[in-house]
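Encoded as structure tokens, the structure appears first; notes follow it.
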Amino acid sequence: GVRSEIALASAQELINKTNEKCFAKCIAKPGTTLSSSEETCLSRCLERYLETFNIISKTYSARLSREREQRQLNQI
Amino acid sequence: GVRSEIALASAQELINKTNEKCFAKCIAKPGTTLSSSEETCLSRCLERYLETFNIISKTYSARLSREREQRQLNQI
Amino acid sequence: GVRSEIALASAQELINKTNEKCFAKCIAKPGTTLSSSEETCLSRCLERYLETFNIISKTYSARLSREREQRQLNQI
Amino acid sequence: MDNVKFDEATQKELATFLEREQAQARINSTVHNLTSMCWDKCVTGTPGSRFARGEESCLLNCVDRFMDTSLFIIKTIESQRPQQS
Amino acid sequence: MDNVKFDEATQKELATFLEREQAQARINSTVHNLTSMCWDKCVTGTPGSRFARGEESCLLNCVDRFMDTSLFIIKTIESQRPQQS
Amino acid sequence: MDNVKFDEATQKELATFLEREQAQARINSTVHNLTSMCWDKCVTGTPGSRFARGEESCLLNCVDRFMDTSLFIIKTIESQRPQQS
């Protein structure tokens with residue numbers, strides 16, 4: 001359905017962004033393999049990026065709700 | 001009409017870009033409110049970004065005109 | 001045909017990217033003309049960017065082939 | 001599929017459904033952009049097993065200050081526009 | 001709307017109009033991109049009540065040097081291509 | 001063109017052709033993005049008449065480590081998902 005396509009596209013976008021940001025942060029100079037310190041950095045980076053996404057989702061939803069309420073108050 | 005939709009889209013894009021550039025320049029670490037020094041920075045940043053847009057518009061139009069003339073001269 | 005349109009779009013994209021990257025790297029502060037040292041920088045930058053594109057193309061194709069083989073082995 | 005005909009009520013319901021889904025897709029896209037921008041601004045060190053304190057408060061305030069910036073810019077532009085009478 | 005038929009002259013006029021509007025939209029988009037790029041390159045300090053002198057001259061030259069770079073790259077590529085006879 | 005009818009075999013051939021071309025267009029676009037990203041990461045000095053040694057090895061490894069990163073992230077996410085039974 002449309003809904004699950006949107007959710008899938010959003011999950012895919014989240015993985016792509018995490019990949020891009022964590023490669024930039026953790027792999028300073030690409031070598032012949034991923035070193036174990038690079039893998040440690042990547043798994044922490046992944047956790048922090050998902051946490052960031054959750055914080056931003058919540059604060060953005062809260063802001064949208066506050067603005068909607070504000071508009072309704074202004075119409076009274 | 002098509003024309004005013006294009007103008008509107010362009011104005012919207014200008015506001016979005018100003019927002020992005022001036023947030024990056026003036027809000028180093030987001031705090032619990034916009035401070036007055038951040039607001040001063042934002043209003044100057046807004047003026048300078050619009051001025052930049054006008055300079056670039058003018059110099060780009062002038063360049064396009066010069067190149068058009070050049071092509072016409074080359075065809076003689 | 002479709003094929004030559006795709007090749008053309010890709011060549012156009014390569015020129016645009018080279019332009020963007022080499023302007024960023026070689027023209028620190030735009031002056032009233034391109035200086036000769038800026039032109040030297042630009043022609044080396046162009047060579048290196050095209051070389052980079054060739055390296056990335058080759059290593060990406062090789063990776064895709066390896067992954068395809070891997071998947072076929074896994075299906076046996 | 002192309003030959004199926006819906007009655008008017010179903011068409012309206014479908015339109016509402018699609019509109020709501022498009023709004024959701026726009027919100028998702030905004031959240032991804034805000035996440036990327038706030039990450040670059042607030043998370044500047046090597047990732048640890050939790051955020052540094054300054055990073056977390058920066059993230060918590062990032063969306064609201066970005067939207068305040070947007071409102072500030074729009075208000076400033078509107079206050080400078082010559083009034084129509 | 002879908003069933004309206006235009007005569008040939010009107011259709012041609014419409015096509016010309018739409019082409020011109022699309023060209024305008026492309027120019028607008030280029031100007032936004034150039035503005036963003038030249039801002040990042042030239043306006044490096046905290047925004048003041050006017051540009052610093054170096055910033056303004058940098059902005060005034062930015063578009064022309066960017067387009068010179070583009071011409072230089074295209075010319076270099078064409079000069080290296082094996083000639084067809 | 002709009003009124004031409006193709007038989008089923010030709011339609012299938014056309015579909016295969018178009019699919020392959022779209023796959024090629026996607027690959028091209030990925031290569032352009034990887035080139036841009038690896039250039040920014042690996043080529044940090046002023047361009048010389050050949051790459052510095054560190055730059056070239058960085059470029060040679062860039063694609064594989066980027067794709068390893070992608071696999072590592074997907075594997076980590078999947079290992080943490082509650083198992084369905």
Distance check, please: which entries in C:21/F:75; C:58/D:41; A:58/B:29; C:25/F:75; A:17/B:21; C:29/F:41 exceed 28 angstrom between their Cα atoms? C:21/F:75; C:58/D:41; C:25/F:75
I'd like the FRET efficiency for residue F:29 and residue B:36, computed as 1/(1 + (r/R0)^6) with the beta carbon distance as r and R0 of 35 Å, rounded to 0.05. 0.15
Under a GNM of chain D (C-alpha, springs under 10 Å), which listed residue has the highest mean-square fluctuation: D:18, D:34, D:60? D:18
Taking only the C-alpha atoms, wrap a convex hull around the protein assembly as shown and report its volume per residue in Å³ as a whole number. 299 Å³
By the scheme Lys and Arg +1, Asp and Glu -1, what is the net charge of all other residues having a beta-carbon under 12 Å from that of residue D:50? -1
For chain D, shape from the Cα gyration tensor axes a ≥ b ≥ c, cut at a/c of 1.5 then a/b versus b/c, turns out oblate
Can you divide the C-alpha Rg of chain C by 2.2 N^0.38 Å and report the result to two decimal places? 1.62
What average count of beta carbons from other chains do you get within 10 Å of the Cβ of residues in A:65-75? 0
With everything on Cα atoms, drop me the angle between helix B:36-75 and the longest principal axis of chain B, reported from 0 to 90° to the nearest 10. 10 degrees
Total charge of the residues flanking residue E:64 in space, meaning their Cβ is under 14 Å from its Cβ, with Lys and Arg +1 and Asp and Glu -1, is +3
Kindly express, to the nearest 10 degrees and within the range 0 to 90, the angle between helix D:53-80's C-alpha long axis and the longest C-alpha principal axis of chain D. 60 degrees
Going residue by residue through segment D:10-20, the Karplus relation 6.51 cos²θ - 1.76 cosθ + 1.60 with θ = phi - 60° gives ³J(HN,Hα) values, rounded to whole Hz and with x marking Gly or Pro, of 5, 4, 5, 4, 4, 4, 4, 4, 5, 4, 5
Along the Cα→Cβ direction, 7 angstrom out, place labels at residue D:5 and residue A:73. What is the inter-label distance in nm? 5.1 nm
Could you work out the helix-only [θ] at 222 nm for chain A, with each DSSP H run of four or more residues adding -39,500 (n - 2.57) and the total divided by the number of residues, to the nearest 500 deg cm²/dmol? -31000 deg cm²/dmol
For residue E:39, what charge total do you get from the other residues with a beta carbon under 10 Å from its beta carbon, if Lys and Arg give +1 and Asp and Glu give -1? +3
Alpha carbon centroid spacing (whole Å) that separates segment C:15-76 from segment D:2-59: 32 Å
Restricting attention to chain D, give the cysteines that have no other cysteine Cβ less than 4.7 angstrom from their Cβ. none
Note to self, chain E gives a 222 nm [θ] from helices alone (DSSP H runs n ≥ 4, -39500 (n - 2.57) apiece, / all residues, nearest 500) of -27000 deg cm²/dmol
The FRET efficiency for residue D:21 and residue E:17, from their Cβ-Cβ distance with R0 = 22 Å and rounded to 0.05, is 0.05
So which residue, out of E:49, E:70, E:36, gets the largest mean-square fluctuation from a GNM of chain E using Cα contacts under 10 Å as springs? E:49
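Every number in this text was worked out from the coordinates using simple rules, so none of it is lab data. Remember, it's a predicted structure, so these values are computed and weren't measured experimentally. In this analysis, Cβ positions are derived from the backbone assuming ideal geometry, glycine residues included, and neighbour counts consider all displayed protein chains.
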